[in-house]
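In what follows, a single structure is set out as structure tokens and then discussed.
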Amino acid sequence: MTDRIMLNGVAVYPGYIDPDGQTALVAATRDVVRAAPLFSPMTPYGKPMRVRMTSAGRFGWVSDRGGYRYSETHPAGVAWPPIPDPVLSIWRDLVGQARDPECCLVNFYGEGVKMGLHQDRDEADFTWPVLSVSLGDEALFRVGGTGRKDKTASIWLRSGDVAVMGGAARLAYHGVDRIRFGTSTLLPQGGRINLTLRVVT
Ligand code: SIN
Ligand code: FE2
């Protein structure tokens, strides 16, 4: 059994994906990005987000003046590509076979990019966990409770680590304070990919 670290109810599996597996996930992510290019979503307040994103699966997560939501099409109008098999198998191993995720959000963090504290709450059914995979540079991940002001704890997520936010931690506030650019050689140009799997409906 893989080691597991609990951080405010979030389960972190350090090194869950071995280096060959990480390389395969990067290749699969490149296929997704080829079909559905990364874009910089606009916040509902009209500011572009620093993290570049795209999705795979029946639904993709988008944001614009209309708010945060799931959409069956990329902003360019095309359907999202299917969630790659090696990504699905991580979910099936750690969450189970009963239901597959309907969205694989791809977040790309370049140098200096971070993500503010937020809850994942655009989904219909919070009984399904959120599973996230870290690839590339290290990231300082912060997790609190279900209130914005709750005490937080942090951990450096490294390439190959998997985090599962389920149960009481499904709606925990979380974010990425910073990345350590260039700490991994997985992506030749540096940066970090985070894959987030969610059941949407
Ligand atoms: C997210 O909360 O959407 C991303 C978390 C991460 O990048 O690890
Ligand atoms: Fe999130």
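Beta carbons closer than 7 Å, at least 6 apart along the sequence or on distinct chains, pair a first residue in the stretch 24-52 that is without any contact (Cβ under 8 Å) to a residue 12 or more places away in the chain with a second that is outside any helix (DSSP H, G or I) for 48/40; 48/42. Looking at the structure I just gave you, is residue 76 free of Cβ contacts under 8 Å to residues at least 60 places away in the same chain and either open to solvent by 70 Å² or more (accessible area, probe 1.4 Å) or in a strand (DSSP E or B) (or both)? Yes: the conditions hold for residue 76.
Would you check if residue 9 is loosely packed, with under 12 Cβ neighbours inside 10 Å and small (Gly, Ala, Ser)? Break it down stepwise before answering.
Details: loosely packed, with under 12 Cβ neighbours inside 10 Å: no; small (Gly, Ala, Ser): yes.
The answer is no for residue 9.
When the criteria are applied in full, residue 2 fails the requirement of being of a type in the set (Val, Ile, Thr) and within 16 Å of ligand 2 (Cβ to nearest atom).
Yes/no matrix, rows are residues, columns are (1) within 14 Å of ligand 1 (Cβ to nearest atom); (2) open to solvent by 40 Å² or more (accessible area, probe 1.4 Å); (3) on the phi > 0 side of the Ramachandran plot:
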residue	(1), (2), (3)
88	no, no, no
93	no, yes, no
99	no, yes, no
103	yes, no, no
110	yes, no, no
120	yes, no, no
127	no, yes, no
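Taking the listed residues 180, 192, 170, 198, the one that is in contact with a Gly (Cβ under 7 Å, 6 or more places away or on another chain), at negative phi and either without any contact (Cβ under 8 Å) to a residue 60 or more places away in the chain or of a type in the set (Lys, Arg) (or both) is 192, with no other qualifying. Among the conditions (1) modelled with pLDDT under 95; (2) buried (at least 20 other Cβ atoms within 10 Å of the Cβ), residue 164 misses just one, which is (1). In the stretch 89-121, of all residues being within 14 Å of the chain's Cα centre (by Cα) and assigned to a loop (DSSP other than H, G, I, E, B), the one that is farthest from ligand 2 (Cβ to nearest atom) corresponds to 102.
Within the stretch 174-186, the set of residues being crowded, with 18+ Cβ neighbours inside 10 Å and more than 14 Å from the chain's Cα centre (by Cα) comprises 179, 184, 186.
With respect to residue 133, is the statement that it is β-branched (Val, Ile, Thr), open to solvent by less than 10 Å² (accessible area, probe 1.4 Å) and either more than 12 Å from the chain's Cα centre (by Cα) or over 23 Å from residue 5 (Cα atoms) (or both) true? Give the steps one after another, and end with the answer.
Details: β-branched (Val, Ile, Thr): yes; open to solvent by less than 10 Å² (accessible area, probe 1.4 Å): yes; either more than 12 Å from the chain's Cα centre (by Cα) or over 23 Å from residue 5 (Cα atoms) (or both): no.
No; evaluated as a whole, the condition is false for this residue.
The set of residues in the stretch 42-73 being surrounded by fewer than 16 Cβ atoms within 10 Å (Cβ to Cβ) and in a loop (DSSP other than H, G, I, E, B) consists of 43, 44, 45, 46, 47, 50, 65, 66, 72.
Within the stretch 18-32, identify whether any single residue is touching a Lys or Arg at 6+ places or on another chain (Cβ under 9 Å), surrounded by 12 or more Cβ atoms within 10 Å (Cβ to Cβ) and at pLDDT 95 or above, and answer yes or no. No, there is no match, as no residue in the stretch 18-32 is touching a Lys or Arg at 6+ places or on another chain (Cβ under 9 Å), surrounded by 12 or more Cβ atoms within 10 Å (Cβ to Cβ) and at pLDDT 95 or above.
The values are calculated or read from the model by the stated rules, or taken from the named source; none is laboratory data. Just so we're clear, the structure is a prediction, and the values are computed from it rather than from any experiment. Note that each Cβ is placed from the backbone with ideal geometry, even for glycine, and that neighbours are counted across all protein chains shown. Note: accessible area is taken over every heavy atom of the protein model, side chains too, but ligands, DNA and RNA are not part of it. Shrake-Rupley method; radii C 1.70, N 1.55, O 1.52, S 1.80 Å.
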